[in-house]
1. First check a/c for the range A:38-163, with a ≥ b ≥ c the square roots of the eigenvalues of its C-alpha gyration tensor; if it is under 1.5, answer rounded, and if not, answer prolate when a/b is larger than b/c or oblate otherwise.
2. For the protein assembly as shown, just the Cα set please: Rg and Dmax, both in angstrom.
3. So, R0 is 35 Å and r is the distance between the beta-carbons of residue B:151 and residue A:183; what FRET efficiency does that work out to, to 0.05?
4. Report, in whole Å, the centroid distance computed from the Cα atoms of the range A:105-162 and the range B:152-230.
5. Please find, in a Gaussian network model of chain A (springs between Cα atoms separated by less than 10 Å), the residue of A:152, A:121, A:85 whose mean-square fluctuation is greatest.
6. Anyone know which of A:110, A:191, A:238 comes out most mobile in the 10 Å Cα GNM of chain A?
7. Can you check what the Kirkwood hydrodynamic radius comes to for the range B:97-250, Cα pairs only, in Å to one decimal?
8. Round to a whole angstrom and tell me the spacing of the C-alpha centers of the range B:96-149 and the range B:232-285.
C-alpha cells in the first residue's frame, strides 16, 4: 500500500506515537565501516507519498540493528552493533534533524525507476565468443571463462569473479571496474580484445592465440583442481621453508620471489607481533588449506610461537605473493 | 462495552471512561499498582539521547514491562564474551549490572508474557534463561538450551500471547521452527519440544504476530527459484549499478498459527513480494498495517494486513 525511501541498507523498524510515525535505522552495513548512521522518521499517514513521508533523521551510532519501545511507550531503545552501544531515546523529545542526507533523495529516485528493472540476459553463443585469455600490455593476463551461462573473469592470480551483464557488451566486475567486449554476432567467431575500464583508465588486453593461452588455461585448471582437492602447489612448502630460513638468518633472498613481493617484505615483517628471528627454531609445518583467494595456507610452529603463512607460487616457481600473520 | 482489565499498555483515562461503574475499584487497584513500584524505572533520561557503552557488539534489546531492566544480546568478540547484558534502569539512569555468558552468540531475544523466561535465538541453539535469577544475580540463570544439530542460523524468536508456542526463525535453514514452549518448561529444554519446521523461503528473519494472534508474519530475503518470481533486484553489495538485476524480490510470508501447531509443513498461507531483501517488520498499534524494511531497496514498505490473507497462488495442501 505504500513505499517510502530511507537511507542505505535499512534494517530495524518500529512504530511510534500511536502509529503516526514509523522509524527505520539505516544500517549502511555494506559500505560504511564504523561510521555513524541515522534513523529515518517517516509520517505513517504519508507512507505512499515517497519522499514526502520523510520527516527527518536522528543521529545514531554505527550499524543500528534492532529497536524496542518501552511498555509505557515513552522510550526507544536502539542497539548500535558497530559502535558497541545501547542508545536510549526519549520519544517525546526525539532530536529530529530535518536536513536530510543526500542518499535519501537518491534512494527515492532509484525507487521511482524500480519497475523498469529487468534481468539482462546475453545469448550463450555470444558469451562463448568472449571466452579466452587476454594479455594486458604490462600487467597480468585476463582469463574469461563460461560456467553454465555465467561469464567469469580471473585477473592474474586474483580469485575468479562472476561478471554481470549491463548490456550485450558491457560487464560489471566490481565497483569502478567494467569489462567491455567488442560487438560480435552469435556463433560468428571470438572477441579479439577486451577493454578494462578501471576508474577512468582504459586498458586494452589482446586475445592470446591458442598456443600462448595454453599455459594460463593449464594453470587455471590446475588451480581449480588443487582448490577442489585441497592440495598445495608443488614447491610451495619448500619455497616457504627457504624464505623463513633466510629471514631467520636476516638474509632474505631476492631470487626466491618476484620484485613486488621482495619490495613488500619489510612492511609485512613489521606487522608481526614478534620478530621472526626471535621465534626460535622451526618445529613443524602443517598445510591448512588452499584458500578461496588461491593461497596455500600453512600453520608454522616455532619454539616460541607460531605463524599463519599464505603463499602464492607463480608458474615459474617464484613466490608471487605471501602474507604472514 | 464490557470492562476488561487489559493486560498490555492499559491506559488509565480510557479505562475510567469505559468502565465508570468500576471507577472506584479501579482507582484502588491503580494505587496499589503504583505502590508496587519502588522506583520510577520508566522515567526518561535527562538527555533526549543517551548512549551506553557495551562490552561487545549488541544485536537485540528488550526491556522488562516495568521498565526496571533491559536485556541486550551481545554477540561477543571473536568467539568470547557472547551473552546477555543485564542493565538496571532507574530514574533515568541506566547501568550495566552483569553479563550472563552464553556458549553460542545470541541474536534475537524475547520475553514470555508471564515475564519469567527470556528466550534467545543463538546461531546454532535456542537458549532459555530464567529472568528472576538473571536479575537477582544468581550464578547460572541458564535453564537449558537445545540445537537441532545443524548450522541453521537461529536469528529471531517470538512467543504466542498464551506462552504455549515459541517460533524461532532460522536464517540459514529456510524455515521457522515451531516449539512447544509449555511442554519444554514442564518437561525440559530438549529437542523433544520441537513440533516441526515451517518452510519460510530464503533467509527468514522477522516474527511478528497479528494483533488477534491468528497469523504470524515473517520476512524472506529472496524468493526461492520454484516460486518463479521475476528477477528484480541487484546483488546486495555497495557500488553495484541498479541496472544489474540478478535476484528476485523477497517476501512477506503469512503463517497460520493454529495450523503451525499441528502441521507446520503446511502452515504458510500466503506470500507477497516485499521489495529487495526484506529483513525486519513492525506492526501498527491497531494491527491494520505492517511495515517492512527492504534492505536492498533502501525503503520501508507498508502493507494492509487485511489484504495479507490466504492467496490463490499457494500450492494446495492435503
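Read-outs throughout are calculated quantities, based only on the coordinates presented, and are distinct from any laboratory measurement. Quick caveat: nothing in here was measured; it's all calculated off a predicted structure. Note that we place each Cβ from the backbone using ideal geometry, even for glycine, and neighbour counts take in every protein chain shown.
1. Prolate is the answer for the range A:38-163, as a/c is 1.5 or above and a/b outweighs b/c.
2. That works out to 28.9, 98 Å for Rg and Dmax.
3. The computed FRET efficiency comes out at 0.15.
4. Here the two parts' Cα centres lie 38 Å apart.
5. A:85
6. A:110
7. One over the average 1/r among Cα pairs gives 16.8 Å for the range B:97-250.
8. Here the two parts' Cα centres lie 28 Å apart.
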